[in-house]
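Down below is the structure, laid out as structure tokens.
The values are calculated or read from the model by the stated rules, or taken from the named source; none is laboratory data. Worth saying up front: this structure is predicted, and the values here are computed from it rather than measured. Cβ: placed from backbone, ideal geometry, glycine included. Neighbour counts: every protein chain shown.
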Amino acid sequence: MSEASLRLDKWLHFARFCKSRALAQQMIQKSRIRINGRVVDKPHALVRVGDVLTLPLRSGVRVLRLLSLPERRGPAPEAQAGYAEILPGGPAAPDGG
């Protein structure tokens with residue numbers, strides 16, 4: 001009964017938030033990334049579809065809901081299709097309904 005998951009450092013790299021896994025590991029250890037509201041500092045922390053990530057970036061804090069797990073580091077549009085930005089005080093994304 002294993003649910004699909006991916007290491008946080010690998011997800012940050014595949015989703016194009018970091019240029020390499022080594023940089024992703026440094027970011028995780030130094031910043032206050034949250035998975036579902038819990039601060040994590042271990043690159044091996046697992047993320048799953050439906051998780052909410054809070055990423056403190058230079059451009060500001062981004063809150064993302066994972067829609068799918070990437071299988072590779074592809075082009076930006078492919079990476080962006082795997083998550084939806086949660087806007088402050090608003091819904092995660094238009095659901096077309």
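Among the residues of segment 36-53, which ones are assigned to a strand (DSSP E or B) and crowded, with 18+ Cβ neighbours inside 10 Å? Don't jump to the end; show me each part of the working.
Going residue by residue through segment 36-53, those that are assigned to a strand (DSSP E or B) are 38-39, 46-47, 52-53.
Matches in segment 36-53: VAL47, LEU53.
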Given the conditions (1) of a type outside the set (Asp, Glu); (2) modelled with pLDDT of 95 or more; (3) loosely packed, with under 12 Cβ neighbours inside 10 Å, which single one is not true for LEU69? (3)
Looking at segment 54-65, can you tell me whether even one residue there is loosely packed, with under 15 Cβ neighbours inside 10 Å, at pLDDT 95 or above and of a type in the set (A, V, I, L, M, F, W, C)? no
Scan segment 80-97 residue by residue and report those that are among the small types (Gly, Ala, Ser) and modelled with pLDDT of 95 or more. ALA81, GLY82, ALA84
Counting only residues that are at pLDDT below 95 and assigned to a loop (DSSP other than H, G, I, E, B), which one in segment 20-32 is surrounded by the most Cβ atoms within 10 Å (Cβ to Cβ)? SER31
